[in-house]
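The values are calculated or read from the model by the stated rules, or taken from the named source; none is laboratory data. This one's a predicted model, so the numbers in the text were calculated from it and none came from an experiment. Ideal geometry is used to build each Cβ from the backbone, glycine not excepted, and the neighbour counts take in all protein chains shown.
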Amino acid sequence: MQKDLVPVAHIADFQFGVSVKADSPIRGIADLVPVVKKSPQIGSFGSPAPGSLPHFFGVMIGQKTGLDLTHVPYNGGAQLMTALIGDQVTLGIDTLVDQGEMHRASKSRILATSGANRNALFPEVPTLRESTC
C-alpha cells in the first residue's frame, strides 16, 4: 500500500517565530529565563490553536529553558497577535507569515526563529540555535 504514496514535490518551508510585545523588557531569548523566573505569573505563551505545531514548539522552549510556561490557545494567528499586543500573553508563537506585519509595524518584536538559518525576510532576527537560553 505504501508504494502508492510517493512525494511529488516539495511545496513550502515555513519557520516559527517567538514574539513579544514591542515594549517588552524581554529583548531576546536569553532575557526570557531571568524575567520569567523573577515574575512567574508572566510565564505564558499563546499559539494559534491547541495541539498545533506552534503549541508544541512552545512546550519545547519551556522544557529547554526549564520554565513552566502556561499555554494559552487562540482561534488563529490574528487573535493570538491581538492578545500579544494587548498584554494577555507574554510570548506569541506562530509562523513568521502571521507575525511579520506586526513586527514590521513595531507593535511586536520577533525574538527568534525556528529555522536552521536566519530568515531572508527578517535577517536581523537570530535563530533559536543562535540564541542562548
Residues located in segment 35-55, provided they are assigned to a helix (DSSP H, G or I) and at pLDDT below 95: V35, V36, K37, K38, P40, Q41, I42, L53
Qualifying residue in segment 92-105 (condition: of a type in the set (S, T, N, Q), more than 16 Å from V125 (Cα to Cα), surrounded by 20 or more Cβ atoms within 10 Å (Cβ to Cβ) and under 13 Å from the mean Cα position of the chain (by Cα)): no
Qualifying positions in segment 50-67 - within 15 Å of L128 (Cβ to Cβ) and buried (at least 16 other Cβ atoms within 10 Å of the Cβ): L53, P54, F57, G58, I61, G62, T65, L67
Which listed residue, of S24, S108, S47, S114, is touching a Pro at 6+ places or on another chain (Cβ under 6 Å) and surrounded by 13 or more Cβ atoms within 10 Å (Cβ to Cβ): S47
Test for D23: is it among the charged types (D, E, K, R) and outside any loop (DSSP other than H, G, I, E, B): no
Selection within segment 68-87 - surrounded by fewer than 17 Cβ atoms within 10 Å (Cβ to Cβ), out of contact with any Pro (no Cβ under 6 Å at 6 or more places or on another chain) and in a loop (DSSP other than H, G, I, E, B): D68, N75, G86, D87
Single condition I26 does not satisfy, out of (1) over 23 Å from E124 (Cα atoms); (2) in contact with a helix residue (DSSP H, G or I) (Cβ under 9 Å, 6 or more places away or on another chain): (1)
Residue count, segment 5-36 (criterion: more than 21 Å from P48 (Cα to Cα) and of a type in the set (D, E)): 2
Residue within segment 34-56 that is closer than 17 Å to I93 by Cβ, of a type in the set (A, V, I, L, M) and in contact (Cβ under 8 Å) with a residue 60 or more places away in the chain present: no
Test result for T65, of a type in the set (S, T, N, Q) and over 19 Å from E124 (Cβ atoms): yes
Some residue of segment 118-133 being modelled with pLDDT under 95, among the polar types (S, T, N, Q), in contact with a Phe, Trp or Tyr (Cβ under 6 Å, 6 or more places away or on another chain) and within 11 Å of V18 (Cβ to Cβ): no
